[in-house]
Amino acid sequence: MNIAVIGTLDSKGFEHQFVADLIKKKGHNALLVDLGTGDEPEVKPDVSRFEVAELAGLDLQPMMDRKDRGECVVAMAKAAPVMLAKLVEDGKIDGVISLGGGGGTALATSAMRALPLGFPKVMVSTLASGNTAHYVGTKDIVMIPSVVDVAGLNSISKRIFTRAAGAICGMVEMEISEQESKPLIVASMFGNTTECIDIASKVLENAGYEVLVFHTTGMGGKTMETLIESGMVAGVLDITTTEWADELVGATLSAGPTRMDAMTKAGIPAVVAPGCLDMANFGERETLPEKFNNRTIYIHNPQVTLLRTNAEECAQLGKIIAEKSNANSAPTVIMNPLKGVSVISAEGQPFYDAEADKALFNSIREHSRVEVIDLDENINSEAFAKACANKLLELIG
C-alpha cells in the first residue's frame, strides 16, 4: 500500500520523515510530499512543493521570491487539494497522514477534504482537542491530538506519532467488503419528522435499497449534500428541509445557501417536502434575539428554543424550496402535507398556524415547475410517509 505523508517539510521535516520511516517498517510505501513555502525542506521530499503547485497551474517560485508568506500559503492551500485528489484518482496512494500546528493543519486538511468518504485520512494536530469542525468539514478525517507541539522528536511526540503511523497503516490494510452493497437512498430527518422517515425507510428497504438518514442540524444537511454530490446515491428523500428556515431567519442550524444544490449537481431523482419549515432553532431562551420576543416560541428543552416561522417567512421558504427543486434536471416531486409539516404544527399543537401554512403551500405551488402533490395528511402520517417513499421509487425506476 502507498501512503502519502504530507506536510510543511521546511519546519516539520524530521517529524514527517519519522512517520514515513515507521510506515516503511510496516511494509508500506511512504510518499513524502512537501507543502512548505518557507526555507528549504529539512528532508528530501518525494514530491517537491514546486511539483505540488505546478499540478494546480501555479508558479510558486515568484511568490517565494516576494517573501509574502500569506500569498504562498494561500497558493499552497489551493494546490494541495488538487495534488492529493489527483494522486487518489490515479490510484497512486491508498491513505494520507500529516502532522501540524495551526498552519500545517489548515493546509493538510484542506487537501484531505478533497478526498472521497472512506479514504483513510489521519491528521495529528495541536488543534485536535478543540473545535475541529472547520478542519474536518463533512469528511471523515481522523484528528489525533499531538499533546505537545509538533516541534521536534521527544519521548511524548514519538509515542503519539508512532500510534498515528500505526493507525494509518491499519486503516489502509483493512479491506471493505462490497459483496452485500445495495443502492443508496439518503433521507433527511428531524425529531419532528422521525415517524415519517421510519415508515418511509421500511418501504425503501423492502424495495432493496439502503437508506442513510441524516439529522438536519446544519452539519447533518451539509454532510448529506456532500454524499449526494459524490455520485454514490440513487435517490434523495429530502423530507426535512428545516435548515432553510434557520438560514432565512439567522438561527443556529443553518446548512448554508447551497443546501439542496447537490441533487442538481449530481442529477439524482428526488422527493422533497417542506418538513419542519414551521420552526427555526435557537439556544437557551435568553439567546433568542429581541426582535422575536413577540413571536410564537416553543421551549423544546432548556438548551433549544424554537421560533414559529410566520406567513411572510413561509412564503419566502416556499419559493426557495420550489426554486431549488426546479433546478434539478432529474425527476423531482414536491409533496405537501397539508395537515402539518411537523408534529407541533398540526391542529391543536403549539405551532399550528393555518395562515402561515397556507402561505407556504401556496408559494410552493406558485413557483414550482416540478410536480407538486398535495396530501390531506400530517407529515408523520403513515399515508404521507408511504406516498413519499413510493413516489421516489417511481422516480428512480
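Key figures
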| read-out | value |
| --- | --- |
| One residue from Ala330, Ala359, Ala385, Ala389 being assigned by TED's automatic domain parsing to the domain that holds Thr242, over 24 Å from Val236 (Cβ atoms) and at pLDDT 95 or above | Ala359 |
| Entirely in the stretch 292-379, the strands (runs of 3 or more DSSP E) that have 3 or more residues that are surrounded by 17 or more Cβ atoms within 10 Å (Cβ to Cβ) | 304-308, 332-337 |
| Condition check for Val203: over 20 Å from Val96 (Cβ atoms), in contact with a Leu (Cβ under 6 Å, 6 or more places away or on another chain), surrounded by 18 or more Cβ atoms within 10 Å (Cβ to Cβ) and in contact (Cβ under 8 Å) with a residue 12 or more places away in the chain | no |
| Set Ala53, Ala77: member being within 23 Å of Pro145 (Cα to Cα) and either at pLDDT below 90 or part of a loop (DSSP other than H, G, I, E, B) (or both) | Ala77 |
| Some residue of the stretch 92-111 being under 15 Å from the mean Cα position of the chain (by Cα), in a loop (DSSP other than H, G, I, E, B) and in contact (Cβ under 8 Å) with a residue 24 or more places away in the chain | no |
| Long-range neighbours under 9 Å by Cβ, at least six apart or interchain, first residue farther than 18 Å from Val272 by Cα within the stretch 346-368, second in a helix (DSSP H, G or I) and of a type in the set (Ser, Thr, Tyr) | Phe351/Ser345; Tyr352/Ser345; Asp353/Ser345; Ala356/Ser345 |
| Filter pass, Leu237 being modelled with pLDDT of 95 or more, farther than 25 Å from Val122 by Cα and touching a Cys at 6+ places or on another chain (Cβ under 8 Å) | yes |
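The values are calculated or read from the model by the stated rules, or taken from the named source; none is laboratory data. Quick caveat, the model's predicted, so the values are computed rather than measured. Using ideal geometry, Cβ is built from the backbone for each residue, glycine included, and neighbour counts are taken over all protein chains shown.
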